[in-house]
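The values are calculated or read from the model by the stated rules, or taken from the named source; none is laboratory data. All values derive from a computational prediction rather than experimental measurement. Note that each Cβ is placed from the backbone with ideal geometry, even for glycine, and that neighbours are counted across all protein chains shown.
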Amino acid sequence: MALIVHKYGGTSMGSTERIRNVAKRVAKWARAGHQMVVVPSAMSGETNRLLGLARELAPARPGDAYGRELDMLAATGEQASSALLAIALQTEGVESVSYAGWQVPIRTDSAYTKARIESIDDTRVRADLDAGRVVIVTGFQGIDDQGHITTLGRGGSDTSAVAVAAAMKAAECLIYTDVDGVYTTDPRVVPEARRLQTVSFEEMLEMASLGSKVLQIRSVEFAGKYRVPLRVLSSFTPWDIEIHEEARSGTLITFEEDEHMEQAIVSGIAFSRDEAKISVLGVPDKPGIAYQILGAVADANIEVDVIIQNISKDGKTDFSFTVNRGDYAKTIDLLKDKVLPALGAQQVEGDSKICKVSIVGIGMRSHVGIASQMFRCLAEEGINIQMISTSEIKTSVVIDEKYMELAVRALHKTFDLDQSGNGKVAQS
């Protein structure tokens with residue numbers, strides 16, 4: 001039988017009863033003869049609770065100064081859920097053992113709270129699998145070269161699971177979450193949203209990068225790089241469903257275009273509220289300016305998204321870009337303290353009340369006029385576009401946050417993504 005990796009999200013591990021149901025599901029797969037590696041998240045709300053305690057003690061942006069200790073703290077959430085799942089499996093009569101990331105070990109760099117996986121030693125895990133045990137590995141964390149515990153950032157358990165699956169050449173990685181797959185958009189915003197039966201790796205990568213919360217972008221990048229078969233499905237389906245039926249449910253992230261992909265011009269609408277726009281005004285229009293601004297931002301481990309430079313006037317120009325809203329204050333301070341004096345720029349302005357809305361579809365490659373159709377839709381709703389970013393299979397716009405849900409609903413209807421539309425085939 002095959003080596004299978006299961007990943008369970010925080011909601012799936014949210015209570016002892018839910019952990020018991022996860023154990024029953026895993027036991028079912030193990031009894032069918034599969035070698036099982038399970039990567040659980042912390043129990044729902046636990047990471048927020050722990051970091052909230054840290055904020056009470058150090059309210060002034062604790063991540064800047066206390067990154068190592070925050071990782072030590074946050075890592076305990078997954079350690080607890082992994083041990084509890086091992087106990088639940090043992091009560092089911094299934095031999096199991098839990099490991100923290102550092103015990104495997106999962107090696108990372110030293111970027112606390114945002115670490116990246118560098119290597120995984122699977123020797124210990126394989127020995128347990130060969131002995132007939134289910135192996136549970138904490139998600140979200142690893143260890144750096146100095147022996148310090150690190151965490152991978154929010155959603156890092158997805159990345160851990162896919163990385164483990166890649167390192168061990170698993171037959172498939174199943175991501176169990178509180179939704180039953182990938183939808184054309186968030187059903188909480190658009191009730192008519194449809195579940196996609198399949199989505200291409202490229203589309204999933206764009207959706208994850210553009211705000212879809214189903215999978216963390218780094219997990220999709222890992223899946224693409226190492227061609228890990230990846231499926232998103234619900235942990236709230238009955239645990240005793242037949243394995244062959246369960247294995248075909250949810251949404252399959254595929255590496256091969258199927259016969260439906262050509263007809264699906266737009267497959268989904270992604271959006272992100274966690275955006276902030278920053279403009280550096282009166283910048284000298286000369287070579288190297290973009291590097292001087294964005295190089296300093298990158299050195300501070302701040303990710304930049306949409307970038308616009310205006311036309312020069314009197315030798316000066318304005319330079320705008322977006323960052324994650326959580327990095328907004330840090331970026332403003334950095335620019336005021338270090339970048340503006342060096343550039344001779346006039347001032348920095350910011351807006352933390354924006355959002356990004358995107359259309360994504362592999363079919364956009366072979367159809368013209370899709371972006372203009374998007375812009376017309378937003379214009380008809382009276383929504384002003386502040387910034388635009390495009391790629392071969394997506395178009396993103398930055399707009400005022402208050403119009404986000406209106407924009408998503410209007411675009412979903414414009415591109416016929418509702419249940420009666422002509423988008424990619426979905427299961428009902």
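For this structure, a couple of remarks:
- Condition met for VAL135 (buried (at least 23 other Cβ atoms within 10 Å of the Cβ) and part of a strand (DSSP E or B)): yes
- Any pair with Cβ under 9 angstrom, 6 or more apart, that starts in segment 293-313 at a residue that is farther than 23 Å from GLU206 by Cα and among the polar types (S, T, N, Q) and ends at one that is part of a helix (DSSP H, G or I) and at pLDDT below 90: GLN309/ILE289; GLN309/ALA290
- Number of positions in segment 80-95 that are closer than 16 Å to GLY33 by Cα and surrounded by 15 or more Cβ atoms within 10 Å (Cβ to Cβ): 3
- Here the condition is being within 16 Å of the chain's Cα centre (by Cα), crowded, with 22+ Cβ neighbours inside 10 Å and within 23 Å of SER44 (Cβ to Cβ); of VAL220, VAL199, VAL164, it holds for VAL220 alone.
- Taking the conditions (1) surrounded by fewer than 19 Cβ atoms within 10 Å (Cβ to Cβ); (2) in contact with a Leu (Cβ under 9 Å, 6 or more places away or on another chain); (3) of a type outside the set (D, E, K, R) in turn, THR113 satisfies each one other than (1).
- Filter pass, VAL199 being touching a residue at least 40 places away in the same chain (Cβ under 8 Å), not aromatic (Phe, Trp, Tyr) and not in a loop (DSSP other than H, G, I, E, B): yes
- Flag for GLU118 being touching a helix residue (DSSP H, G or I) at 6+ places or on another chain (Cβ under 6 Å), surrounded by fewer than 18 Cβ atoms within 10 Å (Cβ to Cβ) and in the same structural domain as MET36 (by TED's automatic domain parsing): no
- Residue count for segment 68-92, restricted to those that are under 29 Å from ASP109 (Cβ atoms) and out of contact with any strand residue (DSSP E or B) (no Cβ under 9 Å at 6 or more places or on another chain): 5.
- The residue list VAL26, VAL22 contains one member that is part of a helix (DSSP H, G or I) and touching a Phe, Trp or Tyr at 6+ places or on another chain (Cβ under 7 Å), which is VAL22.
- In this entry, GLN347 passes the filter for residues that are exposed (fewer than 13 other Cβ atoms within 10 Å of the Cβ), touching a strand residue (DSSP E or B) at 6+ places or on another chain (Cβ under 9 Å) and either polar (S, T, N, Q) or closer than 21 Å to THR185 by Cα (or both).
- In the set (1) surrounded by fewer than 17 Cβ atoms within 10 Å (Cβ to Cβ); (2) assigned to a loop (DSSP other than H, G, I, E, B), the condition left unmet by HIS244 is number (2).
- Cβ-Cβ contacts under 9 Å between residues 6 or more apart (or on different chains), taken from a first residue in segment 314-327 that is under 15 Å from LEU281 (Cα atoms) to a second residue that is at pLDDT below 95 and of a type in the set (Phe, Trp, Tyr), are absent.
- Failed criterion for LEU417 (all others in (1) assigned to a helix (DSSP H, G or I); (2) touching a Gly at 6+ places or on another chain (Cβ under 6 Å) hold): (1)
- Residue in segment 372-390 that is buried (at least 18 other Cβ atoms within 10 Å of the Cβ), on the phi < 0 side of the Ramachandran plot, in the same structural domain as GLU303 (by TED's automatic domain parsing) and of a type in the set (Ser, Thr, Tyr) present: no
- Residue that is buried (at least 20 other Cβ atoms within 10 Å of the Cβ) and over 24 Å from THR151 (Cα atoms), where the choices are THR237, THR177, THR251: THR251
- In the set ASP285, ASP274, only one residue is modelled with pLDDT under 90, under 28 Å from SER41 (Cα atoms) and acidic (Asp, Glu); that residue is ASP274.
- Breaking point among (1) touching a Lys or Arg at 6+ places or on another chain (Cβ under 6 Å); (2) within 17 Å of SER160 (Cα to Cα), for THR47: (1)
- Residue in segment 38-45 that is within 30 Å of GLY326 (Cβ to Cβ), out of contact with any helix residue (DSSP H, G or I) (no Cβ under 6 Å at 6 or more places or on another chain) and not hydrophobic (A, V, I, L, M, F, W, C) present: yes
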